[in-house]
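Only one structure is covered here, and it is reproduced in the block below.
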Amino acid sequence: MDQKEKEILKEKILKEIEKSEADLIEIAKMTQPVKPENSLGRISRMDAINNKSVMEAAQRSKKAKLSKLKMALQNIDNEDFGLCANCGNSIQAKRLMFLPESTKCVRCAAR
Ligand SMILES: [Zn+2]
């Protein structure tokens, strides 16, 4: 990955970080505790609880992605950025553009 590609990737990572942070704020709003006294009725309350666990799962994966993105941004100027953490081959630029947080090449990630 050359310098120019890295600059483009940096922009992209920054945008994704921004977006993930905005999403997390939205998700946090939706994972407020379900109040027992709300007048939704029993079935709606079950729905609300189910939604809550879906949202919490989404929240966890977003947070994990966000920390990976931040790590990628920190490491992008390192010489070994873009090398597969598993086999040491360089990760395709195309793959990094699509998934900037990837630390493995396509072959290792598919394993
Ligand atoms: Zn690899």
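The values are calculated or read from the model by the stated rules, or taken from the named source; none is laboratory data. All figures in this text were calculated on a predicted structure; none of them were measured in a lab. No Cβ is skipped: glycine too gets one built from the backbone with ideal geometry, and neighbour counts run over all protein chains shown.
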Would you check if there is a residue in the range 13-33 being surrounded by 12 or more Cβ atoms within 10 Å (Cβ to Cβ) and either of a type in the set (Phe, Trp, Tyr) or over 22 Å from the mean Cα position of the chain (by Cα) (or both)? no
What are the residues in the range 93-103 that are more than 14 Å from the chain's Cα centre (by Cα) and among the charged types (D, E, K, R), if any? LYS94, ARG95
Which residues, counting only those in the range 71-92, are more than 11 Å from the ligand (Cβ to nearest atom), within 20 Å of the chain's Cα centre (by Cα) and touching a residue at least 24 places away in the same chain (Cβ under 8 Å)? MET71, ALA72, LEU73, ILE76, PHE81, GLY82
On the given criteria, is ALA28 more than 16 Å from the ligand (Cβ to nearest atom), modelled with pLDDT under 95 and not in a loop (DSSP other than H, G, I, E, B)? yes
Note: among LYS6, LYS62, just one is surrounded by 11 or more Cβ atoms within 10 Å (Cβ to Cβ), in contact with a Leu (Cβ under 7 Å, 6 or more places away or on another chain), under 30 Å from LYS104 (Cα atoms) and in contact (Cβ under 8 Å) with a residue 40 or more places away in the chain, namely LYS62
Return yes or no: is LEU40 more than 15 Å from the ligand (Cβ to nearest atom), among the aliphatic types (A, V, I, L, M), surrounded by 12 or more Cβ atoms within 10 Å (Cβ to Cβ) and modelled with pLDDT of 95 or more? no
Restricting to the range 93-111, and then to whatever is surrounded by 15 or more Cβ atoms within 10 Å (Cβ to Cβ) and among the charged types (D, E, K, R), can you tell me which residue is farthest from the ligand (Cβ to nearest atom)? GLU101
Taking the stated definitions as given, is LYS68 out of contact with any helix residue (DSSP H, G or I) (no Cβ under 8 Å at 6 or more places or on another chain), within 16 Å of the ligand (Cβ to nearest atom) and either not in a helix (DSSP H, G or I) or not aliphatic (A, V, I, L, M) (or both)? no
